[in-house]
Amino acid sequence: MTGLLSLRHPPRRVLELLGLAAAAALLVARLDLATLAAGLGFFLWGMSYLEEATKRLSGGTLDRWLAAATASTPRAIAMGTLSTALVQSSSLITLLAMSFVGAGLIALPGAIALLFGANLGTTTGAWLIAAFGLKISLSHYAMPLLALGLLGSRLIKGSLAGLAGLSLGIGLLFLGIDFMKLGFEDMQSGLSLDSLSGERFWHWPLFVLFGVAATVVMQSSHATLLIILAALASGQLPYLPALAIAIGANIGTTVTALIGALGAGTAGRRLAGAHLIFNLITACVALALLMPLAWLVDQLALLIGLAATAWPLKLALFHTLFNGLGILLMLPVIPRLARLLERLIPEPKRRLPSAEARYLDDTALAHADTALAALERESRRLERRAYHVLCEAILVPSAEALGHPPTTEVVRAPIAPDDWPAVNARYHERLKPLLAELIDFDARIDVPLTEDQQARLEALYGHSVRMVEAVRFGEVLQRSLLRHAAATSPLREAHDALRLAVAEGLNRLANDPEARDIEAPLETVRQHWQHELAERLRRHQLDAWLATSLLNDLHQASRLLAALVPSPEETHPPERSAT
């Protein structure tokens with residue numbers, strides 16, 4: 001019987017159930033702990049709503065601002081600070097920066113500066129909680145916001161649905177903060193952490209580790225800071241240990257970047273490494289200078305008029321101070337740090353299979369601009385492959401057609417049919433796998449898009465499909481060209497002119513992707529041979545069967561080039577909106 005139960009309920013599952021049962025029993029027995037846990041849950045839930053609503057409402061605007069801001073280091077730091085202060089999520093900005101680097105939108109030094117600013121921007125959360133959240137009853141404001149958010153989620157559709165998510169997120173944050181305050185107030189008689197004075201030198205690393213662990217578990221430094229601030233305000237936690245725990249919370253935020261780097265490319269892993277190095281160095285400096293920094297906070301607090309016992313506000317000031325100090329220390333070495341990471345995390349030396357996508361990282365799917373940038377780069381790879389296959393379709397070496405303008409000597413050279421692989425085989429080998437990955441990536445884009453971004457996405461999809469369509473026309477054309485490849489064939493002269501005209505069109509596109517006059521050489525050939533066919537038929541130099549074959553080949557070549565002509569949406573993409 002015991003063996004049967006162990007088979008039905010694996011040990012891990014049993015342990016999970018026992019753990020949940022024990023946690024439930026504890027929370028039922030200790031309502032103060034249950035209140036704390038509920039507050040923490042509401043806060044984390046609100047943070048997730050807030051991040052999602054911010055992405056939906058920005059519709060790519062935030063992405064473009066961040067990408068543009070990395071033109072200079074001071075701008076990147078300022079934009080990282082401002083954007084994190086607005087969205088109250090350094091994790092969101094970190095993952096955005098990783099996506100940008102992976103998609104090639106920004107360089108590594110600019111992304112590193114952006115992360116430095118995000119670290120400073122996250123300190124505004126501590127100021128908001130300490131200045132307002134712990135002093136007033138936020139539940140009075142939470143209820144209307146939650147009601148509006150719930151109603152809005154049912155009634156509002158499209159991008160404006162983000163307003164409902166924003167209302168829900170803020171309401172849940174407010175409710176979580178109030179529950180946390182209430183929970184610590186209820187615990188005053190049963191729990192006191194005053195003994196954690198941190199008088200011994202080995203106490204401080206333990207407090208830092210506690211901050212790291214708490215942030216890793218909750219995946220939110222804001223949640224850790226909320227616990228610290230609420231415990232400080234209720235007198236449950238001494239001031240100096242709270243400062244050390246805040247240092248640990250900063251280190252814990254790097255875990256989000258490291259997790260995000262698991263699915264990212266080399267550039268994303270380098271950025272995660274920069275985030276880890278910055279936070280570790282900043283934490284070590286802050287811990288080594290903890291007492292001097294605490295003294296400096298006291299002096300600045302007196303200067304700006306804070307009360308001597310305003311511990312939450314002092315902690316917020318300390319949080320800002322040591323993050324600012326870290327930026328000052330690391331700012332001069334950003335270029336050197338980027339070069340170091342490029343050496344430590346090199347590009348993989350193994351050669352990717354020819355049809356494997358290089359830029360379609362899952363991290364790029366999180367944001368509109370990075371997803372589009374990744375699709376554009378892969379679409380260009382598909383385009384280049386299609387041009388090479390089309391050169392094989394017209395029996396012209398790609399180096400003679402794409403590398404420089406094709407010549408008549410190239411198309412008049414003897415043709416050995418065995419030297420030219422079938423277009424259908426080349427399509428399945430080089431194009432179809434890559435096209436399948438592009439279509440799959442396109443289908444997995446599930447982020448809000450502006451009208452301009454949607455139009456660009458549709459244009460990219462249409463462009464990729466047309467490349468494959470052109471190859472299909474080339475497949476039919478190649479079979480006819482090979483049947484009449486002999487130098488003595490009555491169609492060889494016309495086919496050589498056709499091949500040269502198509503090669504000239506491919507050459508123009510390779511040099512100028514926006515070229516629209518690629519059909520002109522083929523149209524000249526068509527007009528000449530329509531007249532020539534009539535003359536040769538009258539003189540009985542060509543039979544009607546071969547004449548029909550040539551007309552079909554000219555038609556296939558025209559359809560091939562027409563499929564390659566870029567659409568107006570590709571040559572003149574919509575202007576990016578400011579909103």
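A short reminder: the numbers here are calculations on the coordinates, not readings from a lab. Quantities reported herein were computed from a predicted structural model and do not represent experimental measurements. Don't worry about glycine lacking a Cβ; one is built from the backbone with ideal geometry, like all the others, and counts go over all protein chains shown.
Put the Cα centre of the range 353-386 next to the Cα centre of the range 262-311 and the gap is 37 Å. Peptides 277-286, 229-238 ranked from most to least packed by the mean count of surrounding Cβ atoms within 10 Å: 229-238, 277-286. Directionally averaged projected area (the range 367-571, Cα convex hull): 11.8 nm². Relative contact order for the range 367-571: 31 percent, from Cα pairs under 8 Å spaced at least 6 residues apart, divided by residue count. Towards the positive end of the charge dipole of the range 367-571, with charges on Cβ (+1 Lys, Arg; -1 Asp, Glu), say which of TRP420, PRO448, HIS388 has the farthest Cα. The Cα lying farthest towards the positive end belongs to TRP420.
The TYR461 and THR266 beta-carbon pair, evaluated with R₀ = 30 Å, returns a calculated FRET efficiency of approximately 0.65. Each of the peptides 385-392, 141-148, 481-488 was scored by the mean count of other Cβ atoms within 10 Å over its residues; in descending order, highest first, they stand as 385-392, 141-148, 481-488. Taking Lys and Arg as +1 and Asp and Glu as -1, the other residues whose beta-carbon sits under 15 Å from that of ALA401 total -2. What shape does the range 435-478 have by the C-alpha gyration tensor, where a ≥ b ≥ c are the square roots of the eigenvalues, rounded means a/c under 1.5, and otherwise prolate means a/b greater than b/c and oblate the rest? The shape class here is oblate.
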